[in-house]
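These notes concern the structure reproduced below.
The values are calculated or read from the model by the stated rules, or taken from the named source; none is laboratory data. Everything quoted here is computed from the prediction, not taken from an experiment. Neighbour counts run over all protein chains shown; Cβ positions are idealised from the backbone, glycine included. Side chains are part of the model used for accessible areas, which takes the heavy atoms of the whole protein and leaves out ligands, DNA and RNA. Shrake-Rupley method; radii C 1.70, N 1.55, O 1.52, S 1.80 Å.
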Amino acid sequence: MYVKALTNKNALFYILSAGITNIGNVISGMAFLFLAYELTESNLYTTGIAISQVLPYLFFGLIGGVVSDWIQKKRLLILFDLVRVPLIFSLVFLFYFGLLQYWHLLVISFLIQLLGCFYNPAHRALLPIIVPVENRTAINSLLDSVTRGATVLGPIVSVVLINSVGVIHFFTIDAITFLLSALLISKISLKEDQKGLAGKSIKDVFLALKSFVVWTNKQTHLRTLFIVTFIMVFFNTWVWQVGLLLQLSTTVNNAEEWYSILLGSFGVCVILVNIIVPYVWERLNLKHYIIASVVWGVGIFTIGIAFTLPIYFIGAIIVAVGLPISSLARVYLLQLLLPNDMLGKGFSFNAFLLYLSNAISLGVFGLLSSYVSINIIFIICGLVMVLSGIGYYLTILRK
């Protein structure tokens with residue numbers, strides 16, 4: 001399965017580029033937080049860096065999708081990889097001349113993510129152009145495994161770098177990964193229509209977005225996919241990113257250590273599931289997506305009723321089965337259902353929904369946690385995810 005898919009050299013270059021870039025993104029993301037805290041010793045200012053990495057996607061994510069559909073994707077990816085090299089390396093330059101300040105970190109972090117608003121939808125939209133339908137599940141699985149593996153590898157690399165070259169050279173490594181990514185993408189062979197921004201205006205951007213929303217609203221499967229995605233991510237984000245650690249701290253000693261072990265085990269399980277999926281399903285559909293989302297919700301519910309460590313691990317493993325299958329199914333469906341001239345808009349809209357639901361979830365449940373116990377929030381979120389999934393699945397069967 002995988003060997004056959006990777007005989008496509010374009011797919012191989014694509015996956016290597018994504019994996020290398022993701023390692024750089026992980027360690028540079030850590031460097032931004034580490035240096036922000038070193039410079040300010042303030043939790044608030046350090047949080048500001050995290051916010052600066054989310055805001056661009058909320059304000060410019062949809063625009064990035066439109067632009068990525070208008071211009072040649074390969075050219076955009078190479079250009080933006082090269083532009084990010086001097087941007088990120090400027091922080092190393094400022095550091096060695098004793099000029100580095102907090103606002104430099106804030107501005108560069110914002111600009112890097114702003115470029116990502118255009119880069120990411122173009123990168124996602126490139127895959128269905130270079131990979132035939134019958135190989136997409138395998139390539140999507142490999143891509144997700146590589147990026148998640150880079151997320152696990154990133155912190156290990158960072159420990160080595162901290163004890164050798166220092167935090168500032170996290171940015172040097174990141175700059176090198178951008179150069180390598182540009183080189184690998186340049187080796188991808190494809191023909192794209194000559195496109196450009198000539199004659200385009202801001203008004204055209206909003207007209208294109210309006211046209212996309214109107215078109216999507218008429219596509220039953222896409223509309224259902226986006227609605228269910230928003231629901232599932234909303235009820236998952238806070239409990240998984242924040243609530244899990246808080247609930248562990250009320251249940252076990254050394255909560256931070258067990259939290260790290262739990263997430264590590266979760267990451268390993270997700271990678272294994274990603275590898276297995278293409279051997280079970282060559283093609284995925286909306287039913288797979290919704291059933292996997294229900295399984296995901298069952299895992300969240302299980303954690304809510306956990307009072308011993310084994311049950312926490314059972315819940316995390318259930319989530320590690322449902323979440324990656326639903327993620328792979330969502331990406332596969334977007335690649336399948338979106339026409340080529342709407343791929344960028346589709347993936348940017350999907351990313352916008354994810355960031356929006358993340359932000360709302362963190363705010364709503366963060367406030368609610370002051371009044372309701374964490375395990376009750378887990379139970380409610382898990383139940384809503386399960387019941388919503390079952391409801392949409394029955395609706396699909398009726399239709």
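Being touching a residue at least 12 places away in the same chain (Cβ under 8 Å) and either in contact with a Ser or Thr (Cβ under 9 Å, 6 or more places away or on another chain) or more than 11 Å from Gly297 (Cβ to Cβ) (or both) is the filter here, so list the residues in the range 382-394 that pass it. Listed by number, the residues that qualify are Gly382, Met385, Val386, Ser388, Gly389, Tyr392, Tyr393.
This table checks each residue for (1) among the acidic types (Asp, Glu); (2) modelled with pLDDT under 90; (3) within 28 Å of Val213 (Cβ to Cβ).
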| residue | (1), (2), (3) |
| --- | --- |
| Val321 | no, no, no |
| Leu334 | no, no, yes |
| Pro339 | no, yes, yes |
| Leu343 | no, yes, yes |
| Phe352 | no, yes, yes |
| Ala359 | no, yes, yes |
| Tyr393 | no, yes, yes |
| Lys399 | no, yes, yes |
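Does the range 96-111 hold any residues that are over 14 Å from Leu33 (Cβ atoms) and of a type in the set (Gly, Ala, Ser), and which are they? Residue satisfying the conditions is Gly98 alone. The residues on offer are Ile78, Ile63, Ile112, and the sole one that is hydrophobic (A, V, I, L, M, F, W, C), in a helix (DSSP H, G or I) and surrounded by 21 or more Cβ atoms within 10 Å (Cβ to Cβ) is Ile112. Is one or more of the residues making up the range 329-346 within 27 Å of Ile377 (Cα to Cα) and part of a loop (DSSP other than H, G, I, E, B)? The answer is no; no qualifying residue exists. Among the residues of the range 247-276, just one is among the β-branched types (Val, Ile, Thr), open to solvent by less than 30 Å² (accessible area, probe 1.4 Å) and closer than 17 Å to Ile300 by Cα, namely Val270.
Is it fair to say Lys203 is open to solvent by 80 Å² or more (accessible area, probe 1.4 Å), in a helix (DSSP H, G or I) and at pLDDT 85 or above?
Numbers: open to solvent by 80 Å² or more (accessible area, probe 1.4 Å): yes; in a helix (DSSP H, G or I): yes; at pLDDT 85 or above: no.
No: the conditions fail for Lys203.
The single residue among Leu100, Leu79 that is at pLDDT 90 or above and out of contact with any Pro (no Cβ under 7 Å at 6 or more places or on another chain) turns out to be Leu79.
Could you tell me whether Arg84 is among the charged types (D, E, K, R), in a helix (DSSP H, G or I) and either open to solvent by 20 Å² or more (accessible area, probe 1.4 Å) or on the phi > 0 side of the Ramachandran plot (or both)? So that I can check it myself, show each step before the final result.
Values: among the charged types (D, E, K, R): yes; in a helix (DSSP H, G or I): yes; either open to solvent by 20 Å² or more (accessible area, probe 1.4 Å) or on the phi > 0 side of the Ramachandran plot (or both): no.
No; evaluated as a whole, the condition is false for this residue.
For the range 87-109, the set of residues classified as open to solvent by 30 Å² or more (accessible area, probe 1.4 Å), in a helix (DSSP H, G or I) and either β-branched (Val, Ile, Thr) or within 19 Å of Ser52 (Cα to Cα) (or both) consists of Leu87, Phe89, Ser90, Tyr102, Trp103, Leu106, Val107, listed by residue number. Looking across the range 361-383 at every residue that is crowded, with 17+ Cβ neighbours inside 10 Å and among the aliphatic types (A, V, I, L, M), the one that is farthest from Phe212 (Cα to Cα) is identified as Ile374.
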